[in-house]
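Reviewing the structure listed below.
Where a number appears in this text, it was derived from the coordinates with a stated rule and is not lab data. Remember, it's a predicted structure, so these values are computed and weren't measured experimentally. Positions of Cβ are generated from backbone atoms using ideal geometry, with glycine treated the same way; all protein chains shown enter the neighbour counts.
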Amino acid sequence: MPAGRRLSRLGFLDTNKCRVEAKCRSKRFAKKQQDTGSAYPLGSPCLSSRQREEWELSIVNDLTACLAGDRAERCQRFVDRVAEAASRPAAAVTAEVATFLAGDFVGGRQPAVERLAAIDPEAYGRTRNDLAGAVTRLSPWLRHGVLSLAEVRDAALARVREPAHAGKLISELGWRDYWQRVGAARPEAIWHELEEPAAQARGGSALRSVGAGLPADIASAQTGMACIDAFSRQLTETGWLHNHARMWLASWLVHVRHVPWQVGAAWFLEHLLDADPASNNFSWQWVAGTFSSKPYIFNRDNLERFTGGTFCSTCPELGHCDVEGGYEELSARLFASVGERTERLVIPPSLPWHADPPSGKPLVWLSLDALAATAPARQRHPDALAVCVLDADWLREERPAPKRLAFIADCLADIPGVEVWLGDAAAVLAKRAAAVGASHICVTATACPRVRKTAAALAETLPVVPIDWPPFCDASRVKDLGRFSRYWNKVSKSALQPTAC
Ligand SMILES: Cc1cc2nc3c(=O)[nH]c(=O)nc-3n(C[C@H](O)[C@H](O)[C@H](O)COP(=O)(O)OP(=O)(O)OC[C@H]3O[C@@H](n4cnc5c(N)ncnc54)[C@H](O)[C@@H]3O)c2cc1C
C-alpha cells in the first residue's frame, strides 16, 4: 500500500489538498462551535456526515489522553499510538520501550535539573574525549528545550573558580549553537553537501549509492569489528553515544565502508534521543569532509587510547582491521586524493526571526525544540492553550524510534495542560486556534527549518510570534558561519559571561 494511503487511513492530514481542505473546514467548524456553544458536537443531530467525519478524525488524532497514568503505562500507550502511524511492528515497539524505561534517560524537567546539578566542567575539560570521561549526557534535554544553552552555561560557570575552567564545556555548547545557526542560514544543506568533498575516495564506481541504504551487517552489529558493533548496538538500544564514538562510527561508515553520509545521518536521526537534523547532519558532513577542510579519519591507536583498549583486546580483527597503521598510511589507503581547499566557504547568517505580537489571545505552540513548561513561549503565556503536534511529515521522514517517542512522552507529561496531536502541524494548530478563538500563535524561537516552514505556512492566515531564549552569546558581529572557528572567535567572549540577572 502506498505510504500516503496508509497514513490517510490512520487519519493524517498529509497531502496539500487535505491541508487546504482542513484549513477551510477548521474555520467552518470553529464557526459552528461558536454558534452552537458546543465543545464536543459529535452525535449532534445537526451534523452532516462530513462534519462527523472531521470530528471523528480529531478524536482519532488527539493523543492527550495517552499521557495519563504512570510512566510505564503512558509511555507504552503513547508510543504504541504514534508508532502505529509510523508502521512499526508492535512487538519491537514494546521491547524498545521496556529497554528505554529501564535506562537512565527520563524526559522532563526534574531529571534534567538533577543531571545538570551533577556536571563537573573541570573534569569535563580534562577527560571529555575518553569514552569513560566526565561528559554531561545532557543532549536529549538540550535538544528538546527542557534545558537551554544559557542555563547549562550558567550552571557550568557557577561550578568553577575561573570562567576559563568551564571553557571547554562552553565551547562544546557553542557547537550546538553554531550548527543551529548554520541550519537556519542554509536549511537546504541539511541533506545536501555544503562543499565539494575534501577527498576523493578510492573505489570509483564501486562506491555505495544512497538508495542502497545501510549495510545489514552494520545495522545488526555484525561487522566483526568489536568497536563498531558495540557502538551500533549502543545506538540502537539506548539512543545515546559519546561524541567520540559518533565520530568513529561515522568515519568508519563513510570512509571505510563508503556509506553515503546521508544514509548514516538518517540512521542516527532515527535512533538518537537527541536527534537533531542540524547538529547531526552537519556533524556527518564534517566527518565526511563536505563541510570541513579535510575528512575526519581515526586509527586503532586513537581508538585504543580513548577507550582504554576495551574493544581491541577482544576483537577478532585485531592486527588486521581497517584502521590499523599511521595516519599517512591510512589516508593513502582510503583516498585517491585529498585536496587543499582553494575557495573559502562563506555562510552569511539568516536574519533574526521576529514578529510583534498582535493584541488578543495567543495559542502556545510547543514545538519539539521547546517541550517544557519553562520554555519561553509557555512561560510568557502560562494560561493559554498549549498545543504540541507530532507532525506527520516528521514521522514519515525521520522515523523516530520508540525510545525517542517515549522520551518525548515523558517531557509532554511534565507540561501541565498541554494538548498533543498527531497530524499536519499547520492544519492542527490553525484548527485549534480557531476553536479557542486565538488571535495568534506564540512559539519559542528556534532555528529548526521544519518549525520555520510550518510557521511560514501558518503565518499566511494567522500571525506567528516567536519568543527568544535567553541568549547564549552575542552573535551581532558574526557575518560568516563558514567555519566554527570564525564564529567562535566572534562570540566566545560573550558566551563565557553568565546571563545578566
Ligand atoms: C556524527 C555525529 C552526529 C551527531 N548528532 C548529534 C545530534 O543529533 N544531536 C546532538 O545534540 N548532538 C549530536 N552530535 C554532537 C555530540 O556528539 C553530542 O551532542 C554529544 O555527544 C552529546 O553528549 P553529551 O550531552 O554528553 O555532550 P557533552 O560533551 O557533555 O556536551 C554538552 C552539550 O553540548 C552540545 N554539544 C557537545 N558537542 C557537540 C557537537 N560536536 N555538536 C553539537 N552539539 C554539541 C550538546 O548539546 C551536549 O549535550 C553528533 C556528533 C557527531 C560526530
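Annotations
- Counted as membrane-span-like here are DSSP H helices of the chain whose alpha-carbon atoms extend 24 Å or more along the helix's own axis and whose Kyte-Doolittle mean is -0.5 or above; these are 167-185.
- Listed residues S485, A95, Q180: farthest to the positive end of the dipole of the chain (Cβ charges): Q180
- Length-normalised contact order for the chain - Cα pairs under 8 Å, 6+ apart - percent: 22
- Loop-located trypsin sites (Lys or Arg not before Pro) in region 409-491 whose Cβ has at most 14 other Cβ within 10 Å (DSSP): R477, K479
- Contact order normalised by residue count of region 70-193, Cα under 8 Å, 6+ apart, percent: 19
- For the chain, with +1 on Lys and Arg beta carbons and -1 on Asp and Glu, the positive-most of C75, S331, S350 along the dipole: S350
- Restricting attention to the chain, lysine pairs at least eight places apart or on different chains and with alpha-carbon atoms under 16 angstrom apart total 11.
- Cα centroid separation, region 340-416 to region 298-335: 40 Å.
- Distant alpha-carbon pairs in region 81-178 (separation over 15 angstrom), percent: 66
- Expected 222 nm ellipticity per residue - DSSP helices of 4 or more, -39500 (n - 2.57), all of the chain, to 500: -14500 deg cm²/dmol
- Amide H partners (placed H, <5 Å) of I467, local residues excluded: V443, T444, A445
- Other residues lying with their Cβ under 14 Å from the Cβ of N129 contribute a combined charge of +1, Lys and Arg counting +1, Asp and Glu -1.
- Rel. contact order, % - alpha carbon contacts under 8 angstrom, at least six apart, region 189-338: 34
- In terms of Cα atoms, the Rg and Dmax of the chain work out to 23.8, 79 Å.
- Taken about its Cα centre, the chain carries a charge dipole of roughly 1200 debye when the Cβ of each Lys and Arg holds +1 and the Cβ of each Asp and Glu holds -1.
- Values of log10 I(q)/I(0), in the order q = 0.11, 0.17, 0.20 Å⁻¹, for region 189-338 under a Debye, Cα-only, solvent-free model: -0.39, -0.99, -1.41
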